[in-house]
1. Output ³J(HN,Hα) for region 320-332: one whole-Hz value per residue in order, computed from phi by the Karplus curve 6.51 cos²θ - 1.76 cosθ + 1.60 with θ = phi - 60°, and x for Gly and Pro.
2. Let me check I've understood the local charge: for Gly169, count other residues with C-beta under 12 angstrom from its C-beta, Lys and Arg +1, Asp and Glu -1. What total comes out?
3. Under a plain spin-label model, where a point goes 7 Å from the Cα along Cα-to-Cβ, how far apart in nm are Asp47 and Val157?
4. List the residues, sorted by chain then number, that are 5 or more residues from Tyr428 or on another chain and whose placed amide H is less than 5 Å from its amide H.
5. For Glu185, what is the net charge nearby, where nearby means another residue's Cβ is under 9 Å from its Cβ and Lys, Arg count +1, Asp, Glu -1?
6. Comparing Glu382, Glu354, Glu77, which has the greatest mean-square fluctuation in the GNM of the chain with Cα pairs linked when under 10 Å apart?
7. For Asp47, what charge total do you get from the other residues with a beta carbon under 15 Å from its beta carbon, if Lys and Arg give +1 and Asp and Glu give -1?
8. Considering only DSSP states other than H, G, I, E and B, which trypsin sites (Lys or Arg not before Pro) in region 94-157 qualify as loop sites with at most 16 other Cβ atoms within 10 Å?
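Laboratory data are not the source of any read-out in this text; all were calculated from the coordinates shown. Everything quoted here is computed from the prediction, not taken from an experiment. All Cβ positions, glycine included, derive from the backbone under ideal geometry; neighbour counts span all protein chains shown.
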Amino acid sequence: MRRSRGLASALTFALLVGAALAAPAPARAEPEPTTSEPNNEIEVSPDVLLPARLDAIEVRGLIRTQEFVVLRELGFEAGQVVARPALDLAIKRLWNTTIFSKVRGRVERRAGRTVLALDLEDRWTLNPLLGYGSGGSAFFFRIGATDNNLAGRFLEVQAQYQFFDGFHGGQVILRDPRLFHRRMELTVQLERLVRPRPRFSDQRTLGAVELSRLFLSDRVRVGLRTSVFADRFLEPLEPPADFPAPTETALFEPSFRVGRVDTVRLRQTGASLELKPGLGLPVGGPGSQFAQAQLEALLFGLVGSRANVAVRLRAAGVSAVPRHLLVYAGGLDLVRGFPDNHAAARALALANVELRVVAFDSTWLALMPTAFVDGMVWRTEEGARRGALSGGLGVRFLIPKFVGTGMRLDVAVPVESPFKVSPSIGVYQFF
């Protein structure tokens, strides 16, 4: 089986670079930055003693984003007394929305009044979604778009169309990360997509709703995802074919996360641990209930003014289920250097470690060379134990002015015989 998204990723990046080059350069009083700026602290004028009562909050620099989006993230209002921790958290929250390419704050005295001045710069948030693949005589592609700041209101919508060897499908995702103007998130997902698997292709029709809430300065997240889906099966990309029985399933997945990962322009800092247990029930047809669980830890550390260490640890497992409900993992998003669907597991554990360095950073282009190691062990449906390990080097061509956009080029060397070098191409960071 041969699958590729390299051309699609390259096309996406080329379109965005072209748009960036065609856009007029913003007027600036100072030169463009050439190194990554922290921009994650708030400056306090020497004549202001914290805690202090804020007489006014001034928001500057917005072009597309509505001002209420900014004020809602702060966690305090004009007229309230605020301390340094509350101000620092407000800056972090603004960064973590991902819709700003610059966040700066200053508390100062003006004509006897204490004013919080926020200088922000909007990112371009409307991005294309492109992907394709092929195998045997089959061909498939996806095309769509996503925007996580719809109408400047910090609402996300994603829509894409899929063609898979004569079958038509698509996906729509709607997300409100501040439901009722609180730190609640609502996600609604509808899709009919085909996922290639070994010996079959899984055509899944799904509807899902997820509701979550943030607590304790965003360091605790509690949520529940409920999904109902039907699985039907098509010919695999490559023979032989071996189809599971069709199923209809309701899946309930509570989630519990502690910790917080903060964005610092191009880098990230912090740690989180998230548990996602799940209970699956058959709906109106054959099948039996099953249990599944996933535990994931993320750790990001800043090293000096340019480097970023990123670590992902994940363990996942599922009880006895049909083959299409196993835990699938492969080279597209988990272990570089190996084919997609390399592991069809009852249980797995994996680790990804990256060292990212900001070599160049400006408004329209940033370069981040990266070294990485990926590893995974798993237990198959039959009970056999397997392992996969790879390492390599890569580079990210990012556009800081755009949300989650850029090209990732990695070259992975799997630890297996015979020796081979495997490219891994994608959009933005691997995780």
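1. For region 320-332, the Karplus curve yields 4, 9, x, 4, 6, 9, 5, 8, 9, 8, x, x, 5 Hz.
2. Values: positive: Arg142, Arg192, Arg195, Arg204, Arg232; negative: Asp165, Glu191, Asp202.
Net local charge, Gly169 excluded: +2.
3. It is 4.8 nm.
4. The answer is Gly406, Met407, Arg408.
5. Details: positive: Arg175, Arg178, Arg183, Arg213, Arg221; negative: Asp176, Glu210.
Result for the neighbourhood of Glu185: +3.
6. Evaluated over the chain, the most mobile residue of the options is Glu382.
7. Working: positive: Arg53, Arg106, Arg109, Arg110, Arg113; negative: Glu43, Asp55, Glu108.
Value of the local net charge: +2.
8. On the way: sites: Lys102, Arg104, Arg106, Arg109, Arg110, Arg113, Arg123, Arg142, Arg153; in loops: Arg123, Arg153.
Answer in residue order: Arg153.
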